[in-house]
Amino acid sequence: MAKAHILVLPMPGQGHVTPLMELSHRLVDHGFEVTFVITEAHHALVVAALQAAGGTSALAGIHLASISDGVEDNDDRKDIIKLVDAYTRNMPGNLERLVAEMEAAGRPKVKWLVADVFAWWSFDVAKRLGIRVASVWPASVACLSISLKIPKLTEEGLIDRKGWPERDETFQLAPGIPPLHTSELPWNNVGAAEGQPVIFELFSRTDRLSALSEMVVCNSFPEAEACALKLLPNVVPIGPLSSDTEFRKPVGQFLPEDTRCLRWLDAQPDGSVVYVAFGSFTVFDPRQFEELALGLELTGRPFLWVVRPDFTTGELSKAWFDEFQARVAGKGMVVSWCPQQQVLAHRAVACFVSHCGWNSTMEGVRSGVPFLCWPYFAEQFLDRNYVTEVWRTGLAVSHNADGIVTKEELRSKVEQVVGDAEIRERVRLLKDAAWRCVSEGGSSHENFKKLVSLLSE
């Protein structure tokens with residue numbers, strides 16, 4: 001008998017789509033019928049990227065479906081606050097209509113919703129339709145711990161009722177959980193201050209988990225987050241997630257991957273390349289962009305740098321960047337997007353200059369790559385602190401008095417990270433632990449079987 005029809009719903013951001021797409025591939029491998037739901041705008045991006053790579057057949061059994069997010073102006077999609085506000089207002093009704101349309105078209109009745117915790121509004125839709133709910137927490141468990149402790153942080157006077165810090169200090173929920181300064185709380189570092197209430201509500205509503213979700217799984221593993229998982233024993237680690245061991249199956253990229261970089265990496269010596277990627281949201285002003293470029297040149301090392309079309313604001317001189325690329329040709333490669341999991345697993349990569357999004361962090365951990373941390377927003381400061389203070393598998397950049405990471409700072413930190421034998425050893429141990437967890441009989445492997453068993457009920 002065919003297994004249940006599952007609706008998988010991520011928040012429409014690259015760092016949310018990727019782990020839920022990886023999970024979807026695994027569920028299809030176990031015989032489930034999966035419909036993966038994203039917004040119409042992101043659906044178009046995913047399909048275009050798939051077609052550039054040879055077509056949607058690589059999704060191998062995952063049905064892609066789309067609903068409107070109600071955002072009229074494409075420019076507003078670059079504003080995370082407007083996006084989140086639009087999702088929570090417009091998407092519940094659209095999701096309900098999609099389910100009705102699928103059933104009217106003869107698709108099997110949806111039995112389960114597997115949703116991103118940040119798409120908590122969908123839990124109510126599922127409950128109304130008689131659909132059971134399991135959920136996925138896409139960030140670190142430490143971040144979820146802090147979110148669930150918002151009432152306690154308020155009561156203790158650390159933050160006010162709107163989430164803003166009352167005290168200028170570093171706090172730690174428990175030993176083994178990264179310390180965090182109150183200026184770096186995840187909900188206060190996403191976009192303009194006037195939009196903070198929308199983001200604060202997003203984090204605050206994580207308390208709906210226990211009421212409506214029958215299981216919460218996360219992209220983590222005990223050796224990475226032992227203390228956070230002890231605080232939240234009902235959160236089930238199944239990570240580090242991957243769609244397959246060769247990283248060949250598509251993970252819902254919004255931009256076409258430039259696979260030429262893999263051939264370029266093949267030509268580089270082992271452990272020589274500085275890989276630089278800041279995810280799908282980070283934006284640098286032209287001055288910082290130029291310092292980063294010059295810093296990479298200054299290292300004298302081969303580098304692979306992901307520069308999205310919208311990576312810099314304002315007027316970056318095209319002539320300057322063309323000249324830079326001509327100057328470093330042969331030594332450095334610049335691409336607009338790449339197959340990151342395959343890049344990180346490549347023998348040539350020496351270190352990862354990263355924004356420390358949780359997905360990228362888990363991918364780097366699994367591949368045994370040291371980090372140079374350069375967080376941009378939200379919970380990335382917390383993830384940096386895991387790397388630098390708890391696991392001690394990398395270092396962080398420092399900004400000067402003008403808020404700039406200088407070219408000299410970048411060069412110096414790259415050399416420190418790459419040259420530190422103790423960091424390399426800790427990286428190796430954490431990588432080995434990650435692979436033990438996802439291998440036959442490992443904790444994440446066994447936990448995934450529990451999820452499959454629940455979804456088979």
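For K450, the lysines whose Cα comes closer than 26 Å to its Cα, not counting residues fewer than 8 places off in the same chain, are K3, K109, K111, K127, K230, K249, K431.
Could you grab the relative contact order for the stretch 98-167? Cα pairs under 8 Å, six or more apart, rounded to a whole percent.
Details: 55 pairs, mean separation 14.4, N = 70.
The normalised contact order for the stretch 98-167 reaches 21 percent.
Report the relative contact order of the chain, percent, no decimals, based on alpha-carbon pairs under 8 angstrom and at least 6 residues apart. 16 percent. Hydrophobic, long helices, defined as DSSP H runs whose alpha-carbon span along the helix axis is 27 Å or greater and whose mean Kyte-Doolittle value is at least -1.0, occur in the chain at 80-104.
Per residue, how much accessible area does the chain have with a 1.4 Å probe, in Å²?
Numbers: 18520 Å² over 457 residues.
With all protein chains present, the chain gives 41 Å² per residue.
Principal axis extents of the Cα atoms in the chain, from largest to smallest and rounded to whole angstrom, are 60, 55, 49. Bridging of K331 to aspartates and glutamates at a Cα separation below 18 Å is possible for D258, D266, D270, E290, E291, E297, D322, E323, E415, once same-chain residues fewer than 8 apart are set aside.
Any chance you could run the full-extension gain for D168 through A319? It's 0.36 nm times the residue separation minus the Cα-Cα distance, nm to one decimal. Let's see the in-between values first.
Details: separation 151, 0.36 × 151 = 54.36 nm, distance 4.37 nm.
Gain in length upon complete extension: 50.0 nm.
Would you work out if the stretch 358-440 is rounded, prolate or oblate? Take a ≥ b ≥ c from the square roots of the eigenvalues of the alpha-carbon gyration tensor; rounded if a/c is under 1.5, else prolate when a/b is larger than b/c, oblate otherwise. The partial results should precede the final answer.
On the way: a/c = 2.90, a/b = 1.65, b/c = 1.76.
Note, shape of the stretch 358-440 comes out oblate.
Shape class of the stretch 415-457 from the alpha-carbon gyration tensor: prolate, with a/c at 1.5 or above and a/b greater than b/c. If you model the stretch 201-267 as an ellipsoid using its alpha carbon gyration tensor, with each semi-axis the square root of five times an eigenvalue, the axes come out at 34, 17, 11 Å, biggest first.
First check a/c for the stretch 308-362, with a ≥ b ≥ c the square roots of the eigenvalues of its C-alpha gyration tensor; if it is under 1.5, answer rounded, and if not, answer prolate when a/b is larger than b/c or oblate otherwise. Oblate shape, in that a/c is at least 1.5 and b/c is the bigger or equal ratio. Remark: relative contact order (the stretch 354-435) = 34 percent; criterion is Cα-Cα distance under 8 angstrom and separation of 6 or more residues.
Counting only protein heavy atoms and a probe of 1.4 Å, the accessible surface of the stretch 103-173 is 49% carbon and sulfur.
Over the stretch 159-234, what lengths in whole Å, largest first, do the semi-axes of the equivalent ellipsoid take, defined as the square roots of 5 times the eigenvalues of the alpha-carbon gyration tensor? Can you show the working numbers first?
Details: eigenvalues 116, 68, 23 Å².
Each semi-axis is the square root of five times an eigenvalue, giving 24, 18, 11 Å.
In straight-distance terms, cross-link reach from K162 covers every one of the lysines whose alpha-carbon lies under 23 Å from its own, apart from those fewer than eight places away in the same chain; here that gives K82, K149, K152.
Given 4 °C and 1.567 mPa s, how large is the Stokes-Einstein diffusion coefficient of the stretch 128-187 in µm²/s, with Rh as the Kirkwood radius over Cα pairs? Write out the running numbers ahead of the final one.
Values: Rh = 13.1 Å.
In µm²/s, the coefficient rounds to 99.
For the stretch 285-363, trypsin sites (Lys or Arg not before Pro) are listed when DSSP marks them as loop and at most 14 other Cβ atoms sit within 10 Å of their Cβ; the list is K331, R347. Note on K149 and A226: the model spin-label points, each 7 Å out from Cα along the C-beta direction, lie 1.9 nm apart. How big, in percent, is the set of alpha carbon pairs in the stretch 81-123 lying more than 13 Å apart? So the portion of pairs separated by more than 13 Å is 61 percent.
Restricting attention to the stretch 31-153, close to 0% of DSSP beta bridges with both partner residues there are antiparallel. Each listed q (0.18, 0.20 Å⁻¹) maps to a log10 I(q)/I(0) for the stretch 210-327 from the Debye sum over equal C-alpha point scatterers, namely -1.10, -1.19.
The values are calculated or read from the model by the stated rules, or taken from the named source; none is laboratory data. Predicted, not measured: the structure shown is a model, and the values here were computed from it. Glycine also receives a Cβ, built like all others from the backbone with ideal geometry; neighbour counts cover every protein chain displayed. The area values use the complete protein model at the heavy-atom level, side chains included, leaving out ligands, DNA and RNA. Shrake-Rupley method; radii C 1.70, N 1.55, O 1.52, S 1.80 Å.
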